[in-house]
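Reading through the structure tokens given below for one structure.
The values are calculated or read from the model by the stated rules, or taken from the named source; none is laboratory data. What you see is a predicted model, and the numbers here were worked out from it, not measured in a lab. Here the Cβ positions follow ideal geometry from the backbone for every residue, glycine too, while neighbour counts run over all protein chains shown.
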Amino acid sequence: SKFEAKLKRGLNEYPVKPGETFQYGTAGFRTRGDKLESVLFKVGILAALRSKTCNGKAIGVMITASHNPAEDNGVKLVDPHGEMLDTSWESHATDFANAPSPDAFLATLKSFIETKNIPLNTPASVVYARDTRSSGPKLVTALRKGLAAVDADATDADVTTTPILHYLVNTINTPGTQESDVKKLIEGYFVKISSAFRKLLAERTSSGHLLVDCANGVGALAAKTLNHYLGESLNLELENTATDSCEELNKDCGADYVKVNQKLPPSLTSVLQCGQRGCSLDGDADRLIYYYLDESGEFHMLDGDKITTLVASFIIKLVKDAGLEDIQEKIKVGVVQTAYANGNSTKYLSERLPVTCVSTGVKHLHHAAAEKYDIGVYFEANGHGTVLFSPSAQRAIDSHKPSTSAHSDALNRLKDVIDVINQTVGDALSDMLLVEVALHHMSYTVEAWNRLYSDLPNRLVKVKVGDRNAFTTEDAERRLVQPPGLQEKIDQLVREKRGRSFVRPSGTEDVVRVYAEAPETDQAIDLALRVAGIVY
Ligand code: NG1
Ligand code: ZN
């Protein structure tokens, strides 16, 4: 057809190297940045077809490898409401990427268009962004060529964070949005979260101070902008902001470094004062980990589980204080976690509210939070998460007539809290504001927050195996089904150590992950290593 010539030109320009295979996993495609050009060209075509299928609504494309090393890159698609790409399209993305030759790709494309009944005459619109990685610009060029090959309308959101791109997609597709300039829309986002934050902290006399490790990534740029909008309400002291030195990205810093190593980035040791709060973002600013040094200089980490606990307690308090507990449509607040949640967080939370455990990957947590609760709080232990308000909870909050001034204050607070939150997807910066608000209104110091429960000692290790797809799981990934016999051996070790351990294949790296926790640190390490030993 009329597109065939353009497509062929692009396919010849971006050939798939023999033997190379790609997989659209929980984080989209992710591998070394220099391997991804052919994938980006095809992702452009797929995103356009997705847009056509969704009545021409804008689809997002985010180019990032998040917390992974600087030389890696990745790409994922964002559906019209700012959510992850529909699961049923993931395998097609994989098929597109792996089509070995131009002819094979054209055949795959043709049969895809026919079976999915794609309305080719519907216009297509795609908005894309990238993080600060040096491979980004080349990948954008390949993406643009893919979009141009099928005449899709392309909007460049430039270098920005993953959560901002998700927010943009949702906002562009919201009926009534007049603004089409992405710069103005992004500005609108900062205004929304920062003005709600300022209202929530208006009564605070001293201005707050927070150290932020930006992982030398795109979060540094967003945090700089946010700092400006926050004014006196909160002073962000930004560290690891070297976005021009590409090789510094995530290197010995950032949320993943802190979570995995359970220690302060070396670059912060002389910067973070005892008793001062600090936090780390990851390479695309969707993960957040807090920490502080106590009087003796000992490091304490507050991860996604601690954030869940703080945020859920705060929201329950607001719902109660606003008198929303007594109304007929009782608002059910609940929490969603994965198997990586610290056992003591699950114990603490289960004694107070409903808790659900689901498989790893934000799409599972997001889905469960929306399905099961009126207000669903979810965070992965690694610091990625948000809070979701169901349409009925939102209606109950909007229509509630408070009977006392105390109720009225709490209700207004709750409405402002909703404005601080990015409900499309977890945003480290909006989550950070939420934590600061919760600490203030719960009158918690960071120490008091940390004392809510104490983490069980734990270890997470990676094991390189021949074929990670040989490992299959059940029960929200807490038990192995394949290879046969392995789970029984793990059970035996777990009984000996009085701990907990599970094994699952990673969805983002070619490894199998082993997690273990136990009453003492050396037991947790020992258990993790022994389980790793039988997996290997
Ligand atoms: P995998 O590689 O499937 O374990 C990791 C994280 C997930 C999630 C995804 C997406 C851990 C143990 N796993 O997935 O929680 O964040 O990356 O980025 O942290
Ligand atoms: Zn990330």
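Which residue is nearest to the chain's Cα centre (by Cα), if the candidates are limited to region 193-211 and must be of a type in the set (A, V, I, L, M) and under 17 Å from Ala438 (Cβ atoms)?
Residue satisfying both the conditions and the ranking: Ile193.
Can you tell me which residue in region 335-352 is surrounded by the fewest Cβ atoms within 10 Å (Cβ to Cβ), limited to those that are of a type outside the set (Ser, Thr, Tyr) and out of contact with any strand residue (DSSP E or B) (no Cβ under 6 Å at 6 or more places or on another chain)?
Restricting to residues being of a type outside the set (Ser, Thr, Tyr) and out of contact with any strand residue (DSSP E or B) (no Cβ under 6 Å at 6 or more places or on another chain), the top hit is Glu351.
Only one of (1) within 22 Å of the chain's Cα centre (by Cα); (2) away from ligand 1 (no atom under 16 Å from the Cβ) fails for Leu109. Which number is that?
In the conditions (1) within 22 Å of the chain's Cα centre (by Cα); (2) away from ligand 1 (no atom under 16 Å from the Cβ), Leu109 misses (1) alone.
Suppose we filter Ala154, Ala93, Ala97, Ala142 for residues that are within 26 Å of Thr177 (Cα to Cα), of a type in the set (A, V, I, L, M, F, W, C) and within 27 Å of the chain's Cα centre (by Cα); which single one remains?
Ala154
Which pairs have Cβ atoms under 6 Å, sit 6 or more apart or on different chains, and link a residue in region 447-472 that is farther than 25 Å from Asp522 by Cα to one that is part of a loop (DSSP other than H, G, I, E, B) and modelled with pLDDT of 95 or more?
Qualifying pairs under 6 Å: Ala470/Pro483.
For region 328-367, which residues satisfy the criterion of being over 22 Å from Val503 (Cα atoms) and within 15 Å of ligand 1 (Cβ to nearest atom)?
Within region 328-367, His366, His367 meet the criteria.
Tell me which helices (runs of 4 or more DSSP H) are completely within region 251-368 and hold 2 or more residues being at pLDDT 95 or above and within 16 Å of ligand 2 (Cβ to nearest atom), or say none if there are none.
Correct list: 255-261, 304-321.
If I filter region 208-222 for residues that are surrounded by fewer than 18 Cβ atoms within 10 Å (Cβ to Cβ) and either charged (D, E, K, R) or touching a residue at least 60 places away in the same chain (Cβ under 8 Å) (or both), do I get at least one hit?
yes
For Ser194, state whether it is at pLDDT below 95, in contact with a Leu (Cβ under 6 Å, 6 or more places away or on another chain) and crowded, with 16+ Cβ neighbours inside 10 Å.
No.
If Thr241 satisfies all but one of (1) among the polar types (S, T, N, Q); (2) out of contact with any Phe, Trp or Tyr (no Cβ under 7 Å at 6 or more places or on another chain); (3) touching a residue at least 24 places away in the same chain (Cβ under 8 Å); (4) within 16 Å of ligand 1 (Cβ to nearest atom), what's the number of the condition it fails?
So Thr241 meets the others, but not (4).
Surrounded by fewer than 16 Cβ atoms within 10 Å (Cβ to Cβ) and either over 26 Å from the mean Cα position of the chain (by Cα) or hydroxyl-bearing (Ser, Thr, Tyr) (or both): which single residue out of Ser454, Ser430, Ser390 fits that description?
Of the residues listed, the single one that is surrounded by fewer than 16 Cβ atoms within 10 Å (Cβ to Cβ) and either over 26 Å from the mean Cα position of the chain (by Cα) or hydroxyl-bearing (Ser, Thr, Tyr) (or both) is Ser454.
Which one of Leu40, Leu11 is farther than 24 Å from Asn170 by Cα, more than 16 Å from ligand 1 (Cβ to nearest atom) and assigned to a helix (DSSP H, G or I)?
Going through Leu40, Leu11 in turn, the sole match is Leu11.
Here are some conditions: (1) among the acidic types (Asp, Glu); (2) under 30 Å from Pro457 (Cβ atoms); (3) not in a loop (DSSP other than H, G, I, E, B). Glu247 meets all but one. Which one does it not meet?
Of everything listed in (1) among the acidic types (Asp, Glu); (2) under 30 Å from Pro457 (Cβ atoms); (3) not in a loop (DSSP other than H, G, I, E, B), Glu247 misses just condition (2).
Just name the residue that is farthest from ligand 1 (Cβ to nearest atom) out of those in region 368-389 that are over 15 Å from Glu83 (Cβ atoms) and small (Gly, Ala, Ser).
Gly383
For region 54-67: of the residues being in contact with a Ser or Thr (Cβ under 8 Å, 6 or more places away or on another chain) and surrounded by fewer than 24 Cβ atoms within 10 Å (Cβ to Cβ), which is nearest to Thr115 (Cα to Cα)?
For region 54-67, the residue satisfying everything is Asn55.
Out of Val182, Val159, which single residue is of a type in the set (A, V, I, L, M, F, W, C), surrounded by fewer than 21 Cβ atoms within 10 Å (Cβ to Cβ), under 20 Å from the mean Cα position of the chain (by Cα) and closer than 18 Å to Gly136 by Cβ?
Val159
Only residues in region 173-195 that are farther than 22 Å from Asn235 by Cβ count as the first member; pair them with residues that are in a helix (DSSP H, G or I) and of a type in the set (Ser, Thr, Tyr), Cβ under 8 angstrom, at least 6 apart or cross-chain, and list the lot.
Qualifying pairs under 8 Å: Thr177/Thr171; Leu185/Thr171; Gly188/Thr171.
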